[in-house]
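> Have a look at this one.
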Amino acid sequence: MSKLETAQKIEQAFERTGVRRTPQRFFVLERLLTKPDHATVEELWAALNRRHARASRATVYNTLHALVQAGLVREFTLDGKAARYDANLERHHHFVCDSCGAVEDVNWFDVPQLEGNESEKRSIRSYEVTLRGKCAKCHSNN
Ligand SMILES: [Zn+2]
Ligand SMILES: [Zn+2]
């Protein structure tokens, strides 16, 4: 997606969800869409400060809160570590690198055993698989 297409997509998303456009919200959503590395608050704060001097950490929290509330960003945690943020709203799984901790998107695949086991009383609303191993970058580094 080009920079212009991304910008249009963000403007449309704000319009659709009624989120007021602020430079911070635009920046954070753009950052999450163009670099899908599932950044943490700290990482987004650092990125924001490189562009918009003196944004506070609270601003980043408030910005993310508004985007999560509007359903434009998903918040999730892995292994009880700091929350990560994802603007990929398509159903997908995640891959986590044991060496560098990178979190990558994995295209959705069904886990057939989880679908419609009639002997089970519980019903499954959603599930997500976390694959673990060594990312391509760490593989080529040794
Ligand atoms: Zn890695
Ligand atoms: Zn993701």
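The values are calculated or read from the model by the stated rules, or taken from the named source; none is laboratory data. Everything numeric here is computed off the predicted structure, so don't read it as measured data. With ideal geometry, Cβ positions are generated from the backbone for all residues, glycine too; neighbour counts draw on all protein chains shown. Just the protein is used for accessible areas: all its heavy atoms, side chains included, with ligands, DNA and RNA removed. Shrake-Rupley method; radii C 1.70, N 1.55, O 1.52, S 1.80 Å.
> Using R₀ = 35 Å, calculate the FRET efficiency as 1/(1 + (r/R₀)^6) where r is the Cβ-Cβ separation of His92 and Ala58; round to 0.05.
Efficiency at R0 = 35 Å is approximately 0.70.
> Once you've got the GNM for the chain with C-alpha springs shorter than 10 Å, pick whichever of Leu72, Leu89, Leu44 has the biggest mean-square fluctuation.
Checking each option, the largest mean-square fluctuation is seen for Leu89.
> Determine, from the Cβ-Cβ distance of Glu11 and Ala83 and an R0 of 25 Å, the FRET efficiency 1/(1 + (r/R0)^6), rounded to the nearest 0.05.
Plugging the Cβ-Cβ distance into 1/(1 + (r/R0)^6) gives 0.45.
> Related question: Which of Asp79, Asp98, Asp110 ends up with the largest GNM mean-square fluctuation for the chain, with Cα atoms connected below 10 Å?
Result: Asp79 has the largest fluctuation of those listed.
> Separate question: May I ask you to give the percent of accessible area on the chain that is carbon plus sulfur, with a probe radius of 1.4 Å?
48 percent
> Accessible area per residue for the chain in Å², computed with a 1.4 Å probe and the full protein assembly in place, what is it?
Accessible area per residue, the chain: 67 Å².
> With charges only on Cβ, +1 for K and R and -1 for D and E, what is the dipole size of the range 3-86 about its Cα centre, in debye, rounded to 20?
So the dipole magnitude of the range 3-86 works out to roughly 280 debye.
> Could you work out the pair-distance distribution P(r) of the range 68-127 from its alpha-carbon pairs, with 10 angstrom bin width and percents rounded to whole numbers?
Spelled out per bin, shortest first, that is 16, 41, 32, 10, 0.
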